[in-house]
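Derivation of every value follows stated rules applied to the coordinates shown; laboratory data play no part. On a predicted model such as this, the values are computed, not experimentally measured, just so you know. Ideal geometry is used to build each Cβ from the backbone, glycine not excepted, and the neighbour counts take in all protein chains shown.
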């Protein structure tokens with residue numbers, strides 16, 4: 001007769017964490033969060049600036065292309081139309097902006113002669129949009145002629161909130177109507193405009 005061996009399966013009980021191990025884990029986790037948090041904040045500010053800059057460049061390119069396609073002057077001006085629904089120029093670009101056909105090249109959206117092309121919302125609260133020197137808020141009308149030119153040079157500077165260690169983004173518009181984006185070109189205002 002054969003003997004059968006019985007194998008005994010040992011079940012060991014899991015060991016929990018001691019209080020000291022838990023404390024060490026929490027200390028390491030908190031140090032990691034403290035080290036990573038500032039860089040995440042910088043990344044967030046930079047991302048918001050980049051997005052707002054992209055929307056502004058898109059509006060400039062839209063105005064220029066619509067002027068060429070429609071063969072009429074098309075303007076870009078500061079406006080709260082995206083929030084109010086009423087197409088009108090006024091305020092600062094930080095509050096939003098519109099692109100509209102502008103036959104008489106003024107700051108008024110004439111209901112019978114002009115057509116609203118697109119309304120854009122403003123930049124995030126706490127961020128600023130100013131001239132290159134950072135001395136005044138951006139509020140000038142930009143008109144693109146049917147040949148795509150503006151016949152004016154201008155620079156709009158998008159800045160992060162005060163205290164953020166992020167370089168500003170500049171949108172530089174030349175006389176022929178081309179927009180380019182650059183970093184660190186200009187001086188952010190020391191206080192909100």
Original post:
For 21, 115, what ranking results if the residue with the fewest other Cβ atoms within 10 Å of its Cβ goes first?
Top reply: 21, 115
Subject >> From the coordinates shown, mean projected area of the Cα convex hull in nm² corresponds to which of [x] 28.3; [y] 22.3; [z] 13.2 >> reply: [y]
Original post:
Hey, rough spin-label estimate for residue 18 and residue 65, points 7 angstrom out along Cα→Cβ, what's it come to in nanometres?
Top reply: 6.7
Subject >> Ordering of 78-85, 26-33, 59-66 by burial proxy (mean other Cβ atoms within 10 Å per residue, highest first) >> reply: 59-66, 78-85, 26-33
**OP:** Give the calculated FRET efficiency between residue 84 and residue 108 to the nearest 0.05, with a Förster radius of 22 Å applied to their Cβ-Cβ distance.
**Re:** 0.90
Subject >> Order of 127, 93 - criterion: other Cβ atoms within 10 Å of each residue's Cβ, fewest first >> reply: 127, 93
Original post:
Helix 19-70 versus the longest principal axis of the chain: what is the Cα-based angle in degrees, 0 to 90, to the nearest 10?
Top reply: 20
Original post:
What list do you get for 39, 154 if you sort them by fewest beta carbons within 10 Å?
Top reply: 39, 154
Original post:
Fully extended, how many nm does the chain gain between residue 140 and residue 154 (0.36 nm per residue separation, minus their Cα-Cα distance)?
Top reply: 4.1 nm
